[in-house]
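The structure appears right after this line, and notes come after that.
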Amino acid sequence: MAVPSFELVSGYKIPAVGLGTWQSSDEKELEGALNAALENGYRHIDTAFVYQNEHIIGRVIKEWLTSGKVKREELFITTKLPMDGIATDKVELYIKKSLESLQLDYVDLYLIHFPVATSERKNPTDPFQTIPTDHVAVWKKLEEQVDAGRTRSIGISNFNLKQVERIVKNARIKPASLQIENHIFLQQKELIKYAQEQKIVVVAYSPLGSPGYGKFVARFGLEAKPVPSIFEHPKVNEIAKKHGKTPAHVALKFQLQRKVVVIPKSVTANRVKENINLFDFTLDEQDMKTLSDLDVGEAARVCDFKFAPVLADHPEWPFPK
Ligand code: NDP
């Protein structure tokens, strides 16, 4: 079954389900996941400069394009400007680096990854140092990337309501998309309402609650805070059972029915397949109400970017402290 899309203000369409690729930098593993995704109907892939996997994605896409199994215009590729690229003299440099790694002439969506700007680090283990930034000035540089044909649409990620509003008020080219953490336990209803009123398509990252986050923060000697599990929650399981589907299906379909795009990550072929098998059932009004009531707000934020405490001291830190 074809995957539905949502219309962007840029006039292009974004497929409602994409493959997330954060923490997928093992070549064989990611290649397998990408091939499984493309074979099972995914046409939307989410990456970022900082994921250090654009070159792997570029290689696999190239194979699919060259073999004629897919056309460029059928694919939707998102990548992101890293924190150390949030400066007017760095945007073009970073998008060009991403395009080169992805072996593409253009991406479909280019996002400012996170609102805090940092100085460049020589290697990933160097400490972060924040620097001042002006989002409006940086946004103008993103607009220039659209003019130059390097990206079709532009957007922001991890921006809070005030930060999104400032871009909206000052943009020549409106943000097409806002990518934020969103799952059953962190629903961000007010932010989504505002974005959707502005015709900004919301993309839910960590739509399954990012169960791999603990592994990521362990690298920084930290422990992820305890948050409820979508897979173990009795109400999610009850709804899943009622429809003959899995808890992952329920979590993802909940977002689609709120007109929110999902980008679940998996490097496990059968899960990649499972996560797009969403179009043979509908959550009814009561299911949607039950799931809506499971929102616990900020306490359930998983990707809190607290692995670098210095980020939270920046004036553009987006989350409640
Ligand atoms: P997800 O909520 O997508 O969860 C991914 C985890 O869930 C992986 O550990 C995966 O394991 C497991 N999983 C996937 N499908 C299933 C399933 N059907 N049943 C059981 N377990 C499953 O978390 P992410 O944080 O990765 O978010 C998704 C994507 O969003 C990212 O990959 C990235 O592209 C984007 N993102 C963007 C951010 C931003 O700042 N803009 C921040 C965080 C994410 P396995 O892979 O082993 O199968």
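Read the figures in this text as sums done on the coordinates, not as results from a lab. Computed from a predicted structure; not experimentally measured. When we count neighbours, we look across all protein chains shown, and the Cβ atoms used for this are built from the backbone with ideal geometry, even at glycine.
Given contacts defined as C-alpha pairs under 8 Å and at least six residues apart, what's the relative contact order of the chain, whole-number percent?
20 percent
Translational diffusion coefficient of region 157-292 at 25 °C, 0.890 mPa s, Stokes-Einstein with Kirkwood Rh over Cα pairs, in µm²/s as a whole number. It would help to have the intermediate numbers written out before the result.
Details: Rh = 16.1 Å.
Value of D from the Cα-based Kirkwood radius: 152 µm²/s.
When only alpha-carbon atoms count, how far does the chain stretch along each of its three principal axes, as whole angstroms with the largest first?
Projected onto the principal axes, the Cα atoms of the chain cover 54, 50, 40 Å.
Give me P(r) over region 104-163, computed from all C-alpha to C-alpha distances, binned every 5 Å, as integer percentages.
The percentages, shortest bin first, are 4, 16, 21, 21, 18, 16, 5, 0.
Cut-off 10 angstrom, C-alpha nodes, Gaussian network model of the chain. Which of E120, E232, E298 fluctuates the most?
Of the options given, E232 has the highest mean-square fluctuation.
Hey, what do the phi angles of region 60-71 turn into as Karplus ³J(HN,Hα) couplings, whole Hz, using 6.51/-1.76/1.60 and θ = phi - 60°, x for Gly and Pro?
Rounded to whole hertz, the list is 5, 4, 4, 4, 5, 5, 5, 6, x, 6, 8, 9.
Averaging the inverse of every distinct alpha carbon separation and then flipping it gives the Kirkwood radius. What is it for region 7-112, in angstrom units?
14.1 Å
Calculate one ³J(HN,Hα) per residue across region 20-36 by plugging θ = phi - 60° into the Karplus curve 6.51 cos²θ - 1.76 cosθ + 1.60, and present them in order as whole Hz with x for glycine and proline.
Listing the rounded values in order: x, 9, 5, 6, 10, 10, 6, 3, 5, 4, 5, 4, x, 5, 5, 5, 4 Hz.
Once amide H atoms are built 1.01 Å from N in the peptide plane, which residues 5 or more positions from Q187, or in another chain, come under 5 Å H to H?
Amide H to amide H, under 5 Å and 5 or more residues apart or across chains, Q187 pairs with V296, G297.
Given Cα pairs under 8 Å that are at least 6 residues apart, what percent is the relative contact order of region 35-92?
44 percent
Quick one: which of 167-177, 106-116 comes out on top by average Cβ neighbours within 10 Å, and what's the full order, highest first?
Order by mean packing, descending: 106-116, 167-177.
5 Å is the cut-off here: which amide hydrogens, built 1.01 Å from N in the peptide plane, fall below it relative to Y205, excluding neighbours closer than 5 in sequence?
I180, E181, N182
Starting with the fewest neighbours, write out V310, V260, V146 ranked by other beta-carbon atoms found within 10 Å of each beta-carbon. It would help to have the intermediate numbers written out before the result.
Details: V310 12, V260 24, V146 18.
Result, fewest neighbours first: V310, V146, V260.
Pull up all non-local amide H partners of L19: gap of 5 or more, or a different chain, and H-to-H distance under 5 Å with H placed in the peptide plane.
Sorted by chain and number, the residues that satisfy this are H44, I45, D46.
Among L8, L252, which comes first, then next, by fewest other beta-carbon atoms within 10 Å?
L8, L252
Rounded to the nearest 20 debye, what is the charge dipole size of the chain about its Cα centre when +1 sits on each Lys and Arg Cβ and -1 on each Asp and Glu Cβ?
240 debye
Just want the answer: with Cβ charges of +1 for Lys and Arg and -1 for Asp and Glu, which residue in Y194, V164, S177 is farthest toward the dipole's positive end in region 106-216?
Of the listed residues, the answer is Y194.
Determine ³J(HN,Hα), in whole Hz, for all residues of region 110-124 in sequence, where each value follows from phi through the Karplus function 6.51 cos²θ - 1.76 cosθ + 1.60 and θ = phi - 60°; x replaces Gly and Pro.
Karplus values, whole Hz, x for Gly and Pro: 10, 10, 6, 5, 7, x, 8, 9, 10, 6, 5, 9, 5, 8, x.
With an 8 Å cut-off on Cα pairs and a minimum separation of 6 or more residues, tell me the relative contact order of region 217-318 in percent.
28 percent
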